[in-house]
Ligand SMILES: [Zn+2]
């Protein structure tokens, strides 16, 4: 993997952000393979395709690229609030590629991917609506709160200017294959319960602490009246899949990515 951006022809684009966007998109197309099936290259979607910039032409996995000069911290700016919620609700969330580049050296510093099945609406935080004087008055954007995205579901591909072995990347990614295979309703429950426990102050938590999220989860899944058994069942599945660990009866731990990132709290 060559981490340097290709030169973008001068004159075609006017703003720095436009150039950066084109340079990072060109880089992804040039270097990145599909995380699910390793097919390369990823195909860019037509301009203005909603919430996806690339698609794998072999397995159809969708990807959306977010790039930034410098670090992503807790918040990742996203588009329209209602659109993203609807995208998640209808199971059309793309995998998110978070690309951090060095604006001087024009090269990739970090690239991580968020598995599309793991972005819960609980991680989507609305921004203030634009004021009446703004060009798009009333428009409401949103941020993604990375602290509510499970760390195991944020897979590093490039870290601090070094590429990770592809086998490590696809190994970490394929842990979530089971999420693609479950029914959409079950996928939603797993994703939301995982997002809830991610909000707890420590990595070790009890079943009673998980039950605190009963009101939030009933609101998200109004057709289910037995929320507590449902929470318990999701925890069991997440333990069986190695996403959580059961330390002793009623006590669980959130598994972390080894050595790469500490949770910012
Ligand atoms: Zn693919």
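Throughout, read-outs are computed from the coordinates displayed, never taken from laboratory work. These figures come from a predicted structure and were not determined experimentally. Counting neighbours? That spans all protein chains shown, and the Cβs are built from the backbone with ideal geometry, glycine included.
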Relative to the chain, whose Cα atoms define the longest principal axis, helix 227-240 and its Cα axis are tilted in degrees, nearest 10, by 60 degrees
Placing each pseudo-label 7 Å from Cα in the direction of the beta carbon, residue 107 and residue 175 end up separated by a distance in nanometres of 2.9 nm
Scoring the chain by relative contact order with C-alpha pairs under 8 Å, at least six apart, yields a percentage of 14 percent
Whole-Å distance linking the alpha carbon centroid of the stretch 83-104 with that of the stretch 20-77 is 9 Å
Checking 82, 138, 70 against a Gaussian network model of the chain (alpha-carbon springs below 10 Å), the top fluctuating residue turns out to be 138
Simple spin-label estimate for residue 160/residue 219, 7 Å along Cα→Cβ, in nm, reads 4.0 nm
Per its Cα gyration tensor (rounded if a/c is under 1.5, else prolate when a/b beats b/c, else oblate), the chain is best filed as prolate
Rounded to the nearest 10 degrees, the helix 16-31 long axis (Cα) sits at an angle to the longest Cα principal axis of the chain of 70 degrees
What helix-only [θ] at 222 nm does the chain give? Using -39500 (n - 2.57) per DSSP H run of at least 4, over all residues, to the nearest 500, the answer is -9000 deg cm²/dmol
Taking Cα atoms only, helix 184-198 is inclined relative to the longest principal axis of the chain by an angle, in degrees rounded to 10, of 90 degrees
The chain, Gaussian network, Cα under 10 Å: of 194, 225, 111, the residue fluctuating most is 225
The stretch 182-254: relative contact order from alpha carbon pairs under 8 Å, six or more residues apart, as a whole percent, is 37 percent
Given 47-58, 5-16, the highest-first ranking by average Cβ count within 10 Å works out to 47-58, 5-16
Rounded to the nearest 5, the percent of DSSP beta bridges in the chain running antiparallel is 85 percent
Of 34, 59, 142, the most mobile residue in a GNM of the chain (C-alpha springs, cutoff 10 Å) is 59
Contact order relative to length for the stretch 143-265, counting C-alpha pairs under 8 Å separated by 6 or more residues, stands in percent at 29 percent
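Based on the alpha-carbon gyration tensor of the stretch 61-168 and its eigenvalue square roots a ≥ b ≥ c, which shape applies: rounded if a/c is under 1.5, prolate if not and a/b is larger than b/c, or oblate?
Values: a/c = 2.48, a/b = 1.46, b/c = 1.70.
Because a/c hits 1.5 or more and a/b fails to exceed b/c, the stretch 61-168 counts as oblate.
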Protection proxy (average C-beta count within 10 Å per residue), highest first, orders 93-102, 226-235 as 93-102, 226-235
With a Förster distance of 35 angstrom and the Cβ-Cβ distance between residue 40 and residue 182, calculated FRET efficiency to the nearest 0.05 equals 0.80
In nm, the gap between the two label points placed 7 Å beyond Cα toward Cβ at residue 85 and residue 236 is 3.3 nm
Per-residue Cβ contact counts at 10 Å, fewest first, order 122, 200 as 200, 122
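Among rounded, prolate and oblate, which fits the stretch 140-196 when a ≥ b ≥ c are the square roots of the eigenvalues of its C-alpha gyration tensor, a/c under 1.5 means rounded, and a/b larger than b/c means prolate?
Judged from the Cα gyration tensor, the stretch 140-196 comes out oblate (a/c at least 1.5, b/c at or above a/b).
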The FRET efficiency for residue 212 and residue 12, from their Cβ-Cβ distance with R0 = 45 Å and rounded to 0.05, is 0.25
